[in-house]
Each structure stands twice: as C-alpha cells, then as structure tokens.
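Worksheet: one structure, shown below.
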Amino acid sequence: MTKPIVAIVGRPNVGKSTFVNRLIGTRNSIVDDLPGVTRDRIYFDVEWQNKIFTVIDTGGIIPGDEDEIMLSIFDQAKIACEEAEKIIFLVDGKEGVNPIDYDIANILRQSGKKVYLAVNKLDNPESLMMISDFYSLAIGEPVGISALHGSGGVGDLLDLVTEDFERDIEQENDETIKIAIVGRPNAGKSSIVNALLNENRVIVSDVSGTTRDSIDSSITYKDREFIIVDTAGIRKKSKVDWGVEKFAVDRAIRSIKDCDVALLVIDAVQGISDQDKKIASIITEAGKGIIIAINKWDLIEDKKSNTINQYNKKLANEIPFLEYAPKIYISAVTKQRLNTIFTEAENVYTECTKRISTGLLNKVIKEAYMLNPPASSKGKRLKIMYVTQTGVKPPHIVIFANNTDLMKDHYKRYIENKLREAFGFFGTPVKLSVRERSDKDKK
C-alpha cells in the first residue's frame, strides 16, 4: 500500500525543518536561520500511532519574489503540494501574522487539498495568546505547537492529520509482490510492461521522458499476484530538466523504496553506463531485492554459445557489488524469456524474506571465524560473541562483538560472503550490524 504524503510548507524561518526533525526523531533536515537552506523537497517516513506516512520538507517560500533561487524553491513547494494528499501550513506564532502568510494561505486554498494550520514557536503559556490572530488567514482552526520542544499540540496536530490514515499492520501472508521496473531512459521499461500485460497499458515512445509518473498494474502469473510499477527513466542529475521531469524522477526513486523487488533494465546494445551503476546503488541502499534484466537481447548479432557468459563477466567487472543479483537476458519486442521476470522475482522475494535460526547462524559464523580469524590491531583482536537475525527485507544480521572498531570493512565483506555461501540470499542485500558486547554481558 502506498504511504500517504503530507507536505509541510510555509515562509522562511518558521521552523519547518525543526518540525520535521521533531516528527522523525532525528536531525536529518538541516536547520539554519539562513533563509533558503532547504531548497529541494526532502522526503522522510514518519510513524504516529502505528500509522506510517511520508512528509515532504520544503524550502521557505515567498510568493512574488523574482530571485532565481526563491523561484526555484517556490516551484519545488508547489510540486510538493500537488503530490501530497494533505498539507501542514506552518506559521511563526512568536512573530505573529505576516503579509506573506496571507499570500501563501491564498495559494493553499486554491490547491483543493486539506490544509492544517500549525502555529509554531509557542514555547510558553503566554505565547498561546497569539494564536487567535491566525484565524484571519481563513485556513481553519489553528493548532499551537512548539517544534523545538515537542510541547503544545504536536500530538493533537498529528492526530488530526492522520485520523483517516490506515494503521500499518504487517501482513506476513500477503502473497503480492511489487516489482518496480527501473533504469535509464529508453532502456525499454514501458515496452517490457506492455509485453507482460499483453496490452498497451503505458505509452511507449523513443522520446526520453515519456513516462512522467509511476504506473501500477496488477497481473497474476501461476496463481501468484504481482504489481508491476513502470517508472520514469532516471537520468543523471545534471541532465534532468527541472520541473515535471525532476518530479517524475523523484517518483521513480520513491517507487524503488516502496517495491519488493527492483528490475534494473539495461540496454544490451548500449551496454552498462555510469547511470546504471548509480541506479543499482540506489536499489541496494534502499535494501531492495534486485534482478538485472538485459533488454533488447534480440538486437545482439552474432550470438554464440558463450555470449551470455561474456556479458556476465562484463557485468561482474562493471558492477561487482551486484554479483549476487540474478541476470536475465530478455527482449520486450520478441517476448524472449519475459516470464523469467516473474519466476526470478518470486525467488528473490523468498530470499529477501528468509529467516535463519540463531543456532545455525552462530555455527556458520563460528566456523568462518576459526577458518580465517581477523588480524589483531594494536594488540587487540576481534571476538565475535553472538550472532542473530533481527529482520527481513533485507535480511538483517546483528553481530555482537567485543569491540566494534575491530570489525573492519574487509572482514565484514568476508562474513557476508560466508553467509551467502551458506544460505544463498540471492538477489537481496544483506544488512550487517555490529554491536558491542563484553564477556560480562554474555553471562
């Protein structure tokens, strides 16, 4: 299920990023008194009362300001409002109503979206007297909050915003697998979707950027339901035209974060590009299962018995961090091997959700440690006390050790390789965390 989106807008320095940091519990948004610090839209997931939604932190907007940067920020905020189901309009309760607030209120009323007016910086009981002034904005009943201290009506505001959001109940038995078709422009993503669906569900064109939004289509294959998500081609950031195209690319990246398995489509004729590698990194950083689909295989001439093996070696050299990902050679035009997308996606999803017993994990890691103990550092040697799996999608393995600093990156890679040798984990990243635990804690 797609998470609801809530945009947070307001003029500069009313505390938007501070409010976002309060919601997500970290300092992920940059907070500064300099206007225009937040320029792009920034997305964060928030959980409130078992309801998960996405907030968009936007830059401070000043309608009518002709400065190039301010115009860009204003356009970003407008796109955020178009994308969001609900809007939180943040104003400064300490300063009072500002003429710019009236301009923003007029724009928000025309958006047709549900708008919640949050009066920020009400850090003491005396400041609550200011709240009545904001009724003049005609947005609705203002809710007084203190983003800095978390006091006031932050909870009341979130209750109002999320009252019709569904609770996030993890459904272990949900058999639907969501596959995001991703890649750079003109790799053949939409053609693949149309071929899978046996209909022209999405527009196919040689003009890059034809797909502007992520499109979901449901399909059943061998009694298993899949959701196919066609996304916009992801180009290099420097080559993305600001506006509609950037919005489409952002949605494509969000589709990766929302999917179960990402199908990275590579043009067999053009070969592997730096952008393909970047997209692969986005998928692995999001912890998603991945299949590499080499499309347009019908256009490769003079194919021999070892052509696929040679291409596999090329992929291993170009994208070594995806050696664990299955590779399929397909053609959207001839429909060659297209059904392997579903079988591989099902296999990868199984690996993403695989759970290994604690006893078996510890046995494998103990044997790996004895086979290749880590070198000592300054007279100290890494000791692994205990290993357990704490999550799936991707599999999350936690290693308790005597000293986290002694777990070097190369040894973590060694441990991951041993885990893959023992348990597969084909097509899925493996998240390894190291936590410190002394011999006393073990008792």
Residues within the range 393-412 that are more than 20 Å from E436 (Cβ to Cβ) and open to solvent by 40 Å² or more (accessible area, probe 1.4 Å), tallied: 1
Filter result (over 25 Å from G391 (Cα atoms) and modelled with pLDDT of 95 or more) within the range 298-330: K327, I328, Y329, I330
Selected residue (criterion: nearest to the chain's Cα centre (by Cα)) from residues of the range 218-232 that are aliphatic (A, V, I, L, M) and open to solvent by 10 Å² or more (accessible area, probe 1.4 Å): I227
Residue match in the range 64-87 (condition: assigned to a loop (DSSP other than H, G, I, E, B) and at pLDDT 75 or above): yes
Qualifying residue in the range 35-51 (condition: over 21 Å from the mean Cα position of the chain (by Cα), surrounded by fewer than 15 Cβ atoms within 10 Å (Cβ to Cβ) and at pLDDT 75 or above): yes
Breaking point among (1) under 31 Å from the mean Cα position of the chain (by Cα); (2) among the basic types (K, R); (3) under 30 Å from E346 (Cα atoms); (4) exposed (fewer than 14 other Cβ atoms within 10 Å of the Cβ), for K431: (4)
Among residues of the range 136-149, those that are part of a loop (DSSP other than H, G, I, E, B) and not charged (D, E, K, R), counted: 8
Close pairs (6 angstrom Cβ cut-off, 6 or more residues apart or separate chains): open to solvent by less than 10 Å² (accessible area, probe 1.4 Å) in the range 181-192, part of a loop (DSSP other than H, G, I, E, B) anywhere: V182/T231; I192/A332
Residues satisfying the stated conditions in the range 83-97, i.e. open to solvent by 30 Å² or more (accessible area, probe 1.4 Å) and either in contact (Cβ under 8 Å) with a residue 40 or more places away in the chain or hydroxyl-bearing (S, T, Y) (or both): E85, V97
Number of the condition not met by I61 [criteria: (1) part of a loop (DSSP other than H, G, I, E, B); (2) open to solvent by 30 Å² or more (accessible area, probe 1.4 Å); (3) at pLDDT 65 or above]: (2)
Residue satisfying all of: in the range 117-130; modelled with pLDDT under 85 and in a loop (DSSP other than H, G, I, E, B); surrounded by the fewest Cβ atoms within 10 Å (Cβ to Cβ) among these: N124
Restricting the range 263-293 to residues that are β-branched (V, I, T) and touching an Asp or Glu at 6+ places or on another chain (Cβ under 8 Å), the residue that is farthest from K354 (Cα to Cα): I272
Residue in the range 323-330 that is assigned to a loop (DSSP other than H, G, I, E, B) and either open to solvent by 30 Å² or more (accessible area, probe 1.4 Å) or at positive phi (or both) present: yes
Members of the range 328-381 found to be under 17 Å from E416 (Cβ atoms), aromatic (F, W, Y) and in contact with a Gly (Cβ under 7 Å, 6 or more places away or on another chain), listed by number: none
Of all residues in the range 287-314 being buried (at least 19 other Cβ atoms within 10 Å of the Cβ) and hydrophobic (A, V, I, L, M, F, W, C), the one that is farthest from the chain's Cα centre (by Cα): W297
Subset of the range 386-411 [of a type in the set (D, E) and farther than 17 Å from A368 by Cβ]: D405
Those residues of the range 340-382 which are in contact (Cβ under 8 Å) with a residue 40 or more places away in the chain, in a loop (DSSP other than H, G, I, E, B) and surrounded by 13 or more Cβ atoms within 10 Å (Cβ to Cβ), in sequence order: T353, K354, I356
Contacts under 6 angstrom Cβ, first residue in the range 420-442 being more than 24 Å from F321 (Cα to Cα), partner modelled with pLDDT under 90 and open to solvent by 40 Å² or more (accessible area, probe 1.4 Å), 6 or more apart: E436/T404
Test: residue in the range 383-399 that is under 17 Å from E367 (Cα atoms) and small (G, A, S): no
Test result for D133, open to solvent by 30 Å² or more (accessible area, probe 1.4 Å) and either closer than 20 Å to I56 by Cα or assigned to a loop (DSSP other than H, G, I, E, B) (or both): no
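The values are calculated or read from the model by the stated rules, or taken from the named source; none is laboratory data. A quick note: this is a predicted structure, and the numbers were derived from the prediction, not measured. Neighbour counts are summed over all protein chains in view; Cβ atoms, including those assigned to glycine, are modelled from backbone coordinates with ideal geometry. The accessibility values were calculated without ligands, DNA or RNA, using every heavy atom of the protein model including side chains. Shrake-Rupley method; radii C 1.70, N 1.55, O 1.52, S 1.80 Å.
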